[in-house]
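Only one structure is covered here, and it is reproduced in the block below.
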Amino acid sequence: MDGDGAATDVWRPSLAQVERANVTRLIRRAGVRSVDELRRRSVQDPEWFWDDVVHDLRLPFHVPYRQVLDTSQGVPWAKWFVGGRVNLATACLGRWRGAGTVAIDAFYEDGERRVVTHAELATEVDRLANALRADGVRPGDVVGVFLPMIPEAVVAAYAVALVGAIYLPIFSGFAPGAIASRLRDAGARAVVTADGGLRRGRAHAMKPVLDEALQDCPTVRRVVVVARTGQDVAMRADRDVTWDDYVAGRDGVAAPEDTDAEHPFMLAYTSGTTGRPKGAVHVHGGFLVKIAAEVAYQADLRAGEALYWVTDMGWIMGPWAMVGAGALGGAMVLAEGSPDHPDPGRVWRIVEDSRAAVVGVSPTLVRSLKVHGESWVRGADLSSLRIIGSTGEPWNPEPYAWLAREVGGGRLPIINISGGTEVGACLLSPHPVEPIRPCSLGGPALGMDVDVFDPQGRPLRGEVGELVCKAPWPGMTRGVWGDPERYLASYWSTYPGVWRHGDWARIDPDGQWFLLGRSDEAVNIAGKRLGPAEVESVLVGHPAVAEAAAVGVPHDVTGEAVWCFWTPVDPAGPDVGPELAERVAHELGRPFRPARVLRVPALPRTRSAKILRRAVRAAALGEDPGDLSTAENPEALDAIRAAVAATAPPAAGQGAAGASAAADQDSA
């Protein structure tokens, strides 16, 4: 289940921890007594709140804004910090450039480590910015960055922002089709890439993958190539240039472009969708302020500390970590390659070596590391940690408890945040100064007027409904790139004037918030909606189960039935499928007993460790799984198809697949 049945808080801060927290400083500035009171006031008077954040964090608008919020064109098209001028690169880097403090701590998969100070980073950003300008890159041009998690990925992002161009991060594991669709949709002018990168001890090509993608991207006129692995790659004389040659002779401080607060900073494309990708537009002012606030008040990062989020710059949490650490004068930890190679202790060794104060992990990553036992965690010195961060998907109680116990040692809060690419940040989050329940998201993030609605737009308490936001916020996308109608239809059409996020949520009687998966992945059995995460939590609570995915499939009687797929902790262990089906029925009710529970060797997931339920469902039904460009192991779908083909469909009346289940709904 989602954890809201637990009556005991897993975290209660000490008085000393409350006193030192960044959010306590903001609470006192506001003249309120608690974070809950600050939450309420932040949505009652958002203009006061976000202005206070700018001043508390000393975010440098070189021209002050004359108005915090303007909704004259409608809430979906809200503008923030109107009249203000700020360049995100200057705000995150320029003001620290004279310091010798660490800006990047990079860990390469082959064991090499590179530490870059703020002064060194500023110099590298200036050189690349000067080169881009000399090459004709102008404000508003789109520049793709297709790189591994190496320092050049951060240098490129800041340099693009510095010259007023638009940064387009591209996931380092994308196939040519996914890269081409994004570059083509954005009309990108240039791309920064590498010859290759390392993953699981092997060099994988990147420049050849990009070359294939560029066959269908006529707007790209320049490719800059970082020499990372030393692979031989083809270089087209009229387009391609090495990084070293590109920046040679481009020394000197680069003047930042005088960008308006609403000037586009980044195009962040959503992943895992079919059809044309959807580019969320984020701007210099709003993205800077919202991300800086989250990393300061939720992750509680302080100047001089290190932030290590296990991610890729191609996902929203990469720019989140870069901008948050940069705005606060902290260090961003980069880790090339896989988090469990050469062994399952790599994440914890990086925490020890970087002396990270904040580490961010996904539930799926924790589940995958948990099966290897506690020794890998216990063998590392994690004394520098103050905060464990989490995002990406709902938690299951067992891995959450393992993380709190083995990594947190009972002394650290798990700051479980939830938002998305289009949100630019998060909608929900606990704060380190308040009690936290297991698996909980705490409550609304500061300044976020969120709620849970039924289909008619009425607020719900104690029941599952749609997660919505009733007011604009600085970090929200300024639309879908090149498609305003798609933006309105995707987020604003269900409830007029209200953002529908697409997640199922529930608020418990104590005001704690829990998510139950994407609303478009919900299972509807005879009119009763069930979040896949609820079923999966029951399954992974069994000691034999490493990971699980639950999906809804069509059924003639009940509308849908639940099918489950699970991977074993011990590949040689017994098939406990029937036991798991009964476990779900016992925990969730007989009507929700899965019609099939099938053991498979692996589940398809992204490189950021999210299970691709959409692809699981398609494979189970023999349908086209669509865009698999984000999948790390698409071959897992073959095993799912084979498992379904090898089992006969359940007889009518068995579990949720029969008419008796429909009759049971009245008493469920």
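The values are calculated or read from the model by the stated rules, or taken from the named source; none is laboratory data. No experiment lies behind these values; they were computed from the predicted model shown. So basically every Cβ, Gly included, is an ideal-geometry build from the backbone, and we count neighbours across all protein chains shown. Keep in mind that these areas ignore ligands, DNA and RNA; they rest on the heavy atoms of the full protein, side chains included. Shrake-Rupley method; radii C 1.70, N 1.55, O 1.52, S 1.80 Å.
Bridgeable aspartates and glutamates around K370 (alpha carbons under 14 Å apart, same-chain partners fewer than 8 residues away excluded): D340, D343, E398, E406, E547, D570.
Kindly provide the trypsin sites (Lys or Arg not before Pro) of the stretch 44-96 that DSSP labels as loop, not H, G, I, E or B, and whose Cβ sees at most 12 other Cβ atoms within 10 Å.
Passing sites in the stretch 44-96 are R58, R66.
Please compute, over every Cα-Cα pair in the stretch 193-317, the percentage with a separation greater than 22 angstrom. The share of Cα pairs beyond 22 Å in the stretch 193-317 comes to 60 percent.
Between D510 and T123, the FRET efficiency estimated from the beta carbon spacing at R0 = 60 angstrom works out to 0.70.
Legend: calculated FRET efficiency, R405 to S493, from the Cβ-Cβ distance at R0 = 41 Å, rounded to 0.05, equals 0.40.
With contacts taken as Cα pairs under 8 Å and at least 6 residues apart, the stretch 1-142 reaches a relative contact order of 11 percent. Using a probe of 1.4 angstrom and keeping all protein chains present, the accessible surface of the stretch 140-227 works out to 25 square angstrom per residue. A full extension of the chain between Q231 and H55 corresponds to an added length of 58.5 nm, given 0.36 nm per residue minus the alpha carbon distance. V102 exposes around 60 Å² of accessible area when a 1.4 Å probe is run over every protein chain in place. Would you please give the FRET efficiency between T270 and D624, computed as 1/(1 + (r/R0)^6) with r the Cβ-Cβ distance and R0 = 22 Å, to the nearest 0.05? It comes out at approximately 0.70.
On a per residue basis, the stretch 575-650 carries 43 Å² of accessible surface, using protein heavy atoms and a 1.4 Å probe. Taking the alpha carbon gyration tensor of the stretch 61-162, multiplying each eigenvalue by 5 and rooting it gives semi-axes of 31, 17, 15 Å, largest first. Only Cα pairs under 8 Å and at least 6 apart count here; give the relative contact order of the stretch 301-415 as a rounded whole percent. In percent, rounded to a whole number, it is 25.
Relative contact order of the stretch 162-225, please, whole-number percent, based on alpha carbon pairs below 8 angstrom and at least 6 residues apart. Provide the component values of the computation, followed by the final result.
Numbers: 66 pairs, mean separation 25.4, N = 64.
So the answer I get is 40 percent.
A convex hull fitted to the Cα coordinates of the stretch 488-647 yields 155 cubic angstrom per residue.
May I ask you to list the trypsin sites (Lys or Arg not before Pro) in the stretch 451-515 that are in a DSSP loop and have at most 13 other Cβ atoms within 10 Å of their Cβ?
Sparse-neighbourhood loop trypsin sites (Lys or Arg not before Pro): R461.
Full extension of the chain between T71 and D45 yields a length gain of 7.9 nm, computed as 0.36 nm times the residue separation minus the alpha carbon distance. With a simple spin-label model that places each label point 7 Å from the Cα along the Cα-to-Cβ direction, the separation between D340 and D454 comes to 4.3 nm. For the pair R20 and A572, label points projected 7 Å from Cα toward Cβ lie 4.7 nm apart. Of all stretches in the chain that contain no GluC sites (Glu not before Pro) in a DSSP loop with at most 15 other Cβ atoms within 10 Å, the longest one is 113-373. Annotation: amide H-H contacts under 5 Å for A561 (H modelled 1.01 Å from N, sequence separation of 5 or more, or interchain): V553, H555. Over the alpha-carbon set of the stretch 216-281, divide Rg by the Kirkwood Rh and report the Rg/Rh ratio to two decimals. Expressed as Rg/Rh, it is 1.06.
To put it simply, the accessible area of the chain at a 1.4 Å probe is 49 percent carbon and sulfur. Per residue, the stretch 458-572 exposes 36 Å² of accessible surface when a 1.4 Å probe is rolled over the protein heavy atoms with every protein chain present.
With the convex hull drawn around the C-alpha atoms of the chain, the volume per residue stands at 147 Å³. Taking each of K290/K470; K207/K610; K207/K278; K79/K610; K79/K470 in turn, the alpha-carbon distance tops 21 angstrom for K207/K610; K207/K278; K79/K610.
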